[in-house]
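This report refers to the structure that appears directly beneath it.
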Amino acid sequence: MNRPFPISNGRKSYSKPAEGLPVGDAVLNDESLKTDSVAYLNWDESISVDGDIVDADHKSFFEISKVMIESKLSGHHELILENCLSMLEDYVTGHFNREELAMRAANYPRLYDHKNKHDQFRNRIRRMTSEYRRGDKSAVDDLPALVVSWFRSHIVTDDVPYKGWVQSTHWDKRPLYFLMPHEMSATNDDDGVEWF
Ligand SMILES: [Fe+2]
Ligand SMILES: [Fe+2]
């Protein structure tokens, strides 16, 4: 089967050059999105944390990243991209709150470092999206690749290690919407984000 794109995913390599977006080891274009070259963009069992709500959250970030890439490559992406950016900001906030609340409830000793990594990533996304909204349309070109790469690394390095500490009883399993700061402050004054 001919592949119109170069990719090195550890299993295969292809030599034909192509235009596209670099994501991980792959260069993605409209053709490669139709093939198994998007494996890097797909959540898979190797990065499963709990087989439950955490995995569901993580999967959504991979899906949002794929939609951003597809909308970019389609050439008709601004409205979709803006929706993706808003969703990404909200989901990141909700997911990080979900994890931080669970780690705090479990007295997880690495919570402080974990939260710092969340904060840095969230701030990076906010900077990129605000630059985009101020008119720099190229400011989020690398955002899908950043999101996928960051989550792949963060899940393995930082999320998996809390598995042994955080039991199922620690999780707030409500949908991410309810884990936004405004919702949390409305329902529980003790659920603020600034804990340190
Ligand atoms: Fe995390
Ligand atoms: Fe996570």
Item to check | Candidates 136, 142, 113, filtered to the one that is acidic (Asp, Glu) and under 15 Å from the mean Cα position of the chain (by Cα) | outcome: 142
Next on the checklist: I'd like the full set of residues that are part of a loop (DSSP other than H, G, I, E, B), in contact with a helix residue (DSSP H, G or I) (Cβ under 6 Å, 6 or more places away or on another chain) and farther than 27 Å from residue 172 by Cβ, limited to segment 54-109.
Outcome noted: 77
Item to check | Cross-chain or 6+ apart pairs with Cβ under 6 Å, segment 76-100 first and closer than 19 Å to residue 133 by Cα, then hydroxyl-bearing (Ser, Thr, Tyr) and more than 16 Å from ligand 1 (Cβ to nearest atom) | outcome: 77/71; 80/71; 81/71; 85/129
Next on the checklist: I'd like the residue in segment 122-162 that is touching a Gly at 6+ places or on another chain (Cβ under 9 Å) and of a type in the set (A, V, I, L, M) and, out of all such residues, is farthest from residue 57 (Cα to Cα).
Outcome noted: 145
Item to check | Selection status of residue 112, over 16 Å from residue 145 (Cα atoms), at pLDDT 95 or above and not in a helix (DSSP H, G or I) | outcome: no
Item to check | Matching residues in segment 114-144 - criterion: being charged (D, E, K, R) and more than 16 Å from ligand 1 (Cβ to nearest atom) | outcome: 126, 127, 131, 133, 134, 136, 137, 141, 142
Next on the checklist: Being assigned by TED's automatic domain parsing to the domain that holds residue 179, within 21 Å of residue 180 (Cα to Cα) and within 16 Å of ligand 2 (Cβ to nearest atom): is that true of residue 124 here?
Outcome noted: yes
Item to check | Subset of segment 162-179 [within 13 Å of ligand 1 (Cβ to nearest atom) and loosely packed, with under 14 Cβ neighbours inside 10 Å] | outcome: 163
Next on the checklist: Based on this model, can you work out whether residue 133 counts as within 16 Å of ligand 2 (Cβ to nearest atom) and out of contact with any Lys or Arg (no Cβ under 8 Å at 6 or more places or on another chain)?
Outcome noted: no
Checklist entry - Among the residues of segment 128-153, how many are free of Cβ contacts under 8 Å to residues at least 40 places away in the same chain, surrounded by 16 or more Cβ atoms within 10 Å (Cβ to Cβ) and not in a helix (DSSP H, G or I)? => result 1
Checklist entry - Considering segment 40-84 alone, what residues qualify as being of a type in the set (Gly, Ala, Ser) and surrounded by 15 or more Cβ atoms within 10 Å (Cβ to Cβ)? => result 48, 56, 60, 65, 71
Item to check | Residue match in segment 29-37 (condition: outside the structural domain of residue 152 (by TED's automatic domain parsing), among the β-branched types (Val, Ile, Thr) and at pLDDT below 95) | outcome: yes
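The values are calculated or read from the model by the stated rules, or taken from the named source; none is laboratory data. Here the structure is a predicted model, which means the values were calculated and not measured. Heads up, the Cβs are rebuilt from the backbone with ideal geometry, glycines too, and the neighbour counts pull from every protein chain shown.
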